[in-house]
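Below is one structure, written out as structure tokens, with a few remarks after it.
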Amino acid sequence: MQKYWSVLFGAVITAAVGLFVVAPFMGWWLPRNVSSFGGDVDLLFYLILGITGFFFVLTEAILVYGIWKFSSDPTRKATYTHGNHKLEVLWTIVPAGILVMIGIVQVRTWENIKYQSRMPRPGANTQQIEVVARQWEWRIRYPSPKRMASWRSDPRLAQDFGAVPHQDDVHVPNELHVWRHQKGEEPQKVLVHLKTRDVLHSMKLVNLRLMQDAVPGKTIPVWFMVEEYNTSLHPETGRWVDGFDPKTGHWNQKDYVWELACAEFCGTRHTAMKGKLFVHKNRDDFLEWLKWAEAEDHRRTPAVPSTEP
Amino acid sequence: MSVSIPHEAGAHQHPQLSFLRKYIFSEDHKVIGIQFMFSGVIFLMLGGALALLVRLQLGWPHAQVPILDKIMGDGSAGGRMGYDTYNMLFTMHASVMIFFVIIPLLTGAFGNFLIPLQIGAPDMAFPKLNMMSYWFMWPAFTIILISFFAHGGAASSGWTSYPTIASISMPAGQGFESPAQAGSGWGQILWLMSLIFVGISSMMGSVNYITTIINMRCSGMTLFRMPMSVWSLFITAILQAFALPVLTVALFLQLMDKTLNTSFFLPPGTLNFGNWQTGPGGGQTLLWQHLFWFYSHPAVYIMILPAMGMVSDVISTFSRKPLFGYKPMVYSITGIAGLGFIVWGHHMFQSGMDPRLGTGFMLATIMIALPSAVKTFNWLGTIWQGNLTLNTPMLNALAFVSMFVIGGLSGIFMAATPVDVYIHDSYFIVAHLHYVLFMSTVFGIFAGIYFWFPKMFGRMMNERWGKVHFAITFIASNGVFYPMHILGIAGHMRRIADPEQYQFLKPLMPINEFMSISAFVLGFGQFIFLANLFYSVFWGPKSGRNPWHSNSLEWTAPSPPPHGNFESPPVVYRGPYEYSSPEGEEDYLPQTTPPGETKPAGEAVPQHA
């Protein structure tokens, strides 16, 4: 009768595997990826999932079968052995090889996402945004349309955006606006200067497969490039609204609202410190929005624009 | 507790002691071990209750629970849990479970109880230091409990206590309030003080364990005849001795930042809190993370290696088969411990640390899966062609192996830096850490308690209820922790009080609810264990010396062993895992059986299966 305990182990493991099989169909899975490097991240995720899944099923199957097959039998004596040198070598070398392989294939994508050397240079073609986290909101600073135009005439002027705020820069809380990169055309990369004014925060954008902590006293560069857009001028309200599905031309809250979350605990209202990512179709759309936002910003804070870091 | 001194044994060396010296301020390693065990079990109930409140909030974030405002006070007005309350709950759940349950249970309880018995020593090398190591836990217990009633509530900045949220308080003379977060004022100061005491206690323990194992092994007990439990506790003690001073220093530095206006972890310049400003100089926020994880990553292994050792003993005993690959098992533990010191940076991949360091830490971290895999394969090899007795300790040990596979494999996802960019600080890591610390370590602890209970108290625990408890725990805990993987893959952040704030998390609420229900089943299922434990201490059937027909030295001593442990100093002739040897008539040959003899020495007792 003892051997039936193996059924309990087997059932739990089967349920575990089953959950991973059904979850994607239930919508409990990786959110839609829209960034240029997100595909690489997903690929590496699936690679590790495949390898670990295989070894998971293998070891658990051996365990469950072993419990079934070798459970107590008074007529039998256990095999007397202290081990097997060949087996030990085999099951050291094979996993070691696989693990080294897993490690090596990560390096390029990691470099691509985070290395300083891969960050887009400030210039005419780089979208620059400053994100200043504070309890509990995202203060986001954009260059004014005028400042952006000056970068076109002299790209060197773009160098100081992260360090030097201008009077006429545009401030928008909790809304991260960028424009899309269209495949096959000149890269439209976004360079974020990430800062915090109080405690640790972390900028997490699940649809971009991106996360980066903000650290007091530091400015951390973050880059990404978005390959789809979700923002359009709403015909009824006349405002730029996200959730736009370009394929259907309708508003789709489920797949086209891309949220920005704080992922490093930052105090009381940590859970409510959220924003949204608005991706415009192209630079022109973005500039349209930016002009509107500039006017809004001036209306809100007519006299003293914030110049704090 | 029934650790008593039989008249015939050892009484001449150890005169009868007063009740106070025997049970309270005892220098006997077994009593100290049992004291650690009961303290740990009591705090396990507290930590579990905090976890259930966390699950209550996550399962039903907008529910109004009538009793909440009574137990939580103003923070949860109207029965809806306040954010600050929730933040305190997850902080204190982790702190209690790690520093007051798992570490005291593994090293305090089993380390104390098992080391002298399994190496054939009469006691620890420094019995008074040993007693002190337990009694230094009491200030820690007291302070951490008081902190729940402190102004602003108990610590609420996460068990990691990252600056600046944890380390800021108002300038000296304005009271130790925090401008950053309720609970990171007085609550955090008490938290730091309490942990300093825990650290000192652990350091005294680890010095004692190392000395005892090196110097006090009985005749014939070579290093490679030690049971895996002793090996793992030995390596753990070394880890503690080298890593803990770093944490203790870091705790002091943060305490000074909070009370004396130093700025070890505060950047120069101003932070955005009213009239608050940094003291002179200026430090590094990330320095804390480095110091903290330099201890806390080895601590992860401190929290699992002893369980691995105990599980190895249990599995070999009930497979009636020598441990497969004893030496590779020892080398694996050593490998895990060695690598454990150079992987702390994997907690900081997204922290703003130079990403080039991340690459190095990733490669080291991925390689630590190797010794873990070797251990798993060797456990499977031990079971293979064994003759398994599936009783309560064995089932818990098998659950350890089965669940450790999940916890080990899921670690590779986080180790891989690009994948970690996505799943860092998500529920995937929460799943991983609970598969290691709860599903593995706690099953290992259960296996250890069921297995050594007869030696601790001379009585058996109830087998039927033990199995019921196992089945409930195994099913319900998978119900709680397994779906967390899915939440993490879907992007669910950890440490958020209300997932419904986010549109992309709303479809996941049924999973959250299911997990919470499982958590309550799991929590209340533990009362079966508690009842079994306390009942059996007094009324369980007598066990005799060696109810499991096990080989290691502790089973040759009386149950419970007297002060001084053995009637005469034991002599060891063979390794600890000689089961089903063709040499013997029975299927076991205790370590004290001289060469040439074929029958186990000592009293014959019926085996309780």
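The values are calculated or read from the model by the stated rules, or taken from the named source; none is laboratory data. All values derive from a computational prediction rather than experimental measurement. Ideal geometry is used to build each Cβ from the backbone, glycine not excepted, and the neighbour counts take in all protein chains shown. Ligands, DNA and RNA are stripped out before the accessible areas are found, and what is left, the full protein with its side chains, is counted by its heavy atoms. Shrake-Rupley method; radii C 1.70, N 1.55, O 1.52, S 1.80 Å.
Applying the Karplus relation 6.51 cos²θ - 1.76 cosθ + 1.60 with θ = phi - 60° to region A:115-129 yields 3J(HN,Hα) values of 5, 4, 5, 8, 5, x, 7, x, x, 5, 9, 9, 6, 10, 9 Hz, where x marks Gly and Pro. When both region B:539-570 and region A:212-235 are represented by their alpha-carbon centers, they are found 65 Å apart. Extension gain for residue B:42 to residue B:80 (0.36 nm times residue separation, less C-alpha to C-alpha distance): 10.9 nm. Free of any GluC sites (Glu not before Pro) that DSSP assigns to a loop and that have at most 16 other C-beta atoms within 10 Å, the longest stretch within chain B is B:178-566.
Residues of region B:129-157 with an amide N closer than 15 Å to a point placed 7 Å from the Cα of residue B:215 along the Cα-to-Cβ direction: B:129-130. Computed over protein heavy atoms with a 1.4 angstrom probe, the accessible surface ordering of B:327, B:375, largest first, is B:327, B:375.
The mean number of partner chain beta-carbon atoms within 10 angstrom of a residue's beta-carbon across peptide B:369-382 is 5. Using Cβ point charges alone (K and R +1, D and E -1), the dipole size of region A:120-297 about the Cα centre works out to roughly 400 debye. When accessible surface is computed with a 1.4 Å probe, chains B and A are found to bury approximately 9100 Å² between them, both chains counted. Can you compute the FRET efficiency between residue A:296 and residue B:17 using 1/(1 + (r/R0)^6), with r the Cβ-Cβ distance and R0 = 56 Å? Round to the nearest 0.05. Once the sixth-power term is evaluated, E becomes 0.10.
Taking every alpha-carbon pair within chain A, the share separated by more than 33 Å comes to 41 percent.
Where a ≥ b ≥ c are the square roots of the eigenvalues of the C-alpha gyration tensor, would you call region B:27-267 rounded, which needs a/c under 1.5, or, failing that, prolate if a/b is larger than b/c, or oblate? It comes out prolate by the Cα gyration axes.
Taking a point 7 Å out from the Cα of residue A:283 in the direction of its Cβ, the residues of region A:160-201 whose backbone N falls within less than 17 Å of it are A:178-191.
A straight line joining the Cα centroids of region B:40-116 and region B:351-400 runs 28 Å.
Placing +1 on the Cβ of every Lys and Arg and -1 on the Cβ of every Asp and Glu, with nothing else charged, gives region B:27-267 a dipole about its Cα centre of roughly 420 debye. Peptide A:24-32 has a mean shielding of 4, counted as Cβ atoms of other protein chains within 10 Å of each residue's Cβ.
Remark: region A:81-90, residue by residue, has Karplus-estimated 3J(HN,Hα) of 8, 9, x, 8, 4, 4, 4, 4, 5, 4 Hz, where x stands for each Gly or Pro and the curve is 6.51 cos²θ - 1.76 cosθ + 1.60 at θ = phi - 60°. Computed from the Cβ-Cβ distance with R0 of 45 Å, the FRET efficiency linking residue A:107 to residue A:146 stands at 0.60. Here the gap between residue B:259 and residue B:471, fully extended at 0.36 nm per residue and compared with their Cα-Cα distance, gives a gain of 71.4 nm. Of the solvent-accessible surface of the protein assembly as shown, computed with a 1.4 Å probe over protein heavy atoms with every protein chain present, carbon and sulfur atoms account for 64 percent. Computed about its Cα centre, the charge dipole of the protein assembly as shown is approximately 560 debye, with only Lys, Arg, Asp and Glu carrying charge at their Cβ. Rg/Rh for the protein assembly as shown (Cα atoms only, Rh after Kirkwood) is 1.01.
In this rough spin-label picture, where each label sits 7 Å from Cα along the Cβ direction, the residue A:117-residue B:270 distance is 4.1 nm. Shielding by partners for peptide B:387-394, expressed as the average number of C-beta atoms from other protein chains within 10 Å of each residue's C-beta, is 5. If the viscosity is 1.002 mPa s and the temperature 20 °C, what translational diffusion coefficient in µm²/s does Stokes-Einstein give for region A:77-119 when Rh comes from Kirkwood over Cα pairs? Calculated translational D: 158 µm²/s.
Taking packing as the residue-averaged number of other Cβ atoms within 10 angstrom, the listed peptides B:248-257, B:402-411 run from highest to lowest as B:402-411, B:248-257. If I stretch the segment between residue A:7 and residue A:25 completely, what's the gain in nm (0.36 nm per residue apart, minus their alpha carbon distance), one decimal? Taking 0.36 nm per residue and subtracting the Cα distance, the gain is 3.8 nm.
Of all DSSP bridge pairs formed entirely within region A:120-297, close to 70 percent run antiparallel.
Each principal axis of the Cα cloud of region B:304-543 was taken in turn, and the coordinate range along them, longest first, works out to 59, 43, 28 Å. In whole angstrom, chain B maps to an equivalent ellipsoid with semi-axes of 42, 26, 24, each derived as √(5λ) from the alpha carbon gyration tensor and ordered largest first.
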